Amino acid sequence: MHFLTARHIVDDLIRSCSPSSGDLVLDLGAGTGAITAPLAATGARVLAVERDPEFARRLRTRLGTTTNVHVVQADARTFRLPGKDFLVVSSIPYGISTALLRRLLGPRTTRLRRAALVVEWGFAKRLTEPLPRSTELAWWAARFDIRLLRKVPAYCFRPSPTVDSAQLLLRRRSRSTARGEQVLWALLRTAARQPTRSARSTVTALAGKGAHRLLRRHGIDPAAPTAGVRPLLWAAVAEDLAAR
């Protein structure tokens, strides 16, 4: 395990997520509490999730008198996420990054509003590519604004890993309709399976007439290959199609 120890990175993480008093904030993989403790000082309600029983015990001892912190010994990959709006501020273990992001960003019913995360550098670069490499990454990018804020050098951790990390900020985009998300998934899946198919052909297959005008309205070249259209633009097209 590699623990984030650079206080200036922790402070910047919290500041970027801007939790307010009363917000529900999760620290997934809380470890020694390097993020949990200063997060509690914001007045937010903090849920510190830690799998290791000894670290969980130490967290309870350290923060036992802090009334707005609740420590849960659980695996962040299976822990039941809140059924109401929540934020996440966390330095995510490299080995479970994909699994955690899948849980947070994947479900249509996710209640995640914002997240400030430290993840492995290469993973962060893949997440923030303008044209994601997979349907899943495109799905996340269409529904969340994912920004790479800074590189976090390996020396900010103890023990130091062999690679650098990155600070990410994720914000939920405007809520879309259930039907809009169904259409969006169909568009993204087509882009992955038939990357050279034209945007006009793809939209026509779903909606019939009017594809050319609809695409132009959203600044998309109708002749462009589906794989060359940014996920956020597909999300806008999907909502228009769903409203018909």
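Restricting attention to region 197-213, which residues are of a type in the set (A, V, I, L, M) and within 29 Å of the chain's Cα centre (by Cα)?
Listed by number, the residues that qualify are A199, V203, L206.
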Original post:
Of all the helices (runs of 4 or more DSSP H) wholly in region 144-228, which have at least 2 residues that are touching a Pro at 6+ places or on another chain (Cβ under 6 Å) and farther than 17 Å from R133 by Cα?
Top reply: 199-207, 211-217
Original post:
Among the residues of region 85-104, is there at least one that is crowded, with 18+ Cβ neighbours inside 10 Å, over 20 Å from the mean Cα position of the chain (by Cα) and touching a residue at least 40 places away in the same chain (Cβ under 8 Å)?
Top reply: no
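One line per residue, one yes/no per condition, for (1) closer than 30 Å to R230 by Cα; (2) surrounded by 15 or more Cβ atoms within 10 Å (Cβ to Cβ); (3) aliphatic (A, V, I, L, M); (4) outside the structural domain of G228 (by TED's automatic domain parsing):
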{"position": "S21", "(1), (2), (3), (4)": "no, no, no, yes"}
{"position": "P53", "(1), (2), (3), (4)": "no, no, no, yes"}
{"position": "R62", "(1), (2), (3), (4)": "no, yes, no, yes"}
{"position": "V71", "(1), (2), (3), (4)": "no, yes, yes, yes"}
{"position": "A124", "(1), (2), (3), (4)": "yes, yes, yes, yes"}
**OP:** With the condition kept exactly as written, say whether any residue in region 198-212 is in contact with a strand residue (DSSP E or B) (Cβ under 8 Å, 6 or more places away or on another chain) and over 30 Å from F86 (Cα atoms).
**Re:** yes
Original post:
What single numbered condition from (1) within 26 Å of S90 (Cβ to Cβ); (2) of a type in the set (K, R); (3) modelled with pLDDT of 95 or more fails to hold for R175?
Top reply: (3)
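Please tell me if E136 is out of contact with any strand residue (DSSP E or B) (no Cβ under 9 Å at 6 or more places or on another chain), surrounded by fewer than 22 Cβ atoms within 10 Å (Cβ to Cβ) and over 15 Å from W185 (Cα atoms).
On the way: out of contact with any strand residue (DSSP E or B) (no Cβ under 9 Å at 6 or more places or on another chain): yes; surrounded by fewer than 22 Cβ atoms within 10 Å (Cβ to Cβ): yes; over 15 Å from W185 (Cα atoms): no.
No; evaluated as a whole, the condition is false for this residue.
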Subject >> In region 1-28, the residues that are closer than 28 Å to T162 by Cβ, in contact with a helix residue (DSSP H, G or I) (Cβ under 8 Å, 6 or more places away or on another chain) and in contact (Cβ under 8 Å) with a residue 40 or more places away in the chain >> reply: H2, L4, T5, A6, I9, I14, D27, L28
Subject >> Members of region 65-80 found to be under 19 Å from I96 (Cβ atoms) and among the hydroxyl-bearing types (S, T, Y), listed by number >> reply: T78
Subject >> Only one of Q194, Q167, Q182 that is of a type outside the set (A, V, I, L, M), under 21 Å from the mean Cα position of the chain (by Cα) and not assigned by TED's automatic domain parsing to the domain that holds V46 >> reply: Q182
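Taking R143, is it surrounded by fewer than 17 Cβ atoms within 10 Å (Cβ to Cβ) and either under 24 Å from the mean Cα position of the chain (by Cα) or not assigned by TED's automatic domain parsing to the domain that holds R15 (or both)?
Working: surrounded by fewer than 17 Cβ atoms within 10 Å (Cβ to Cβ): no; either under 24 Å from the mean Cα position of the chain (by Cα) or not assigned by TED's automatic domain parsing to the domain that holds R15 (or both): yes.
Taking the combined requirement at face value, the residue does not satisfy it.
The values are calculated or read from the model by the stated rules, or taken from the named source; none is laboratory data. Here the structure is a predicted model, which means the values were calculated and not measured. We place every Cβ from the backbone using ideal geometry, glycine too, and count neighbours over all the protein chains shown.
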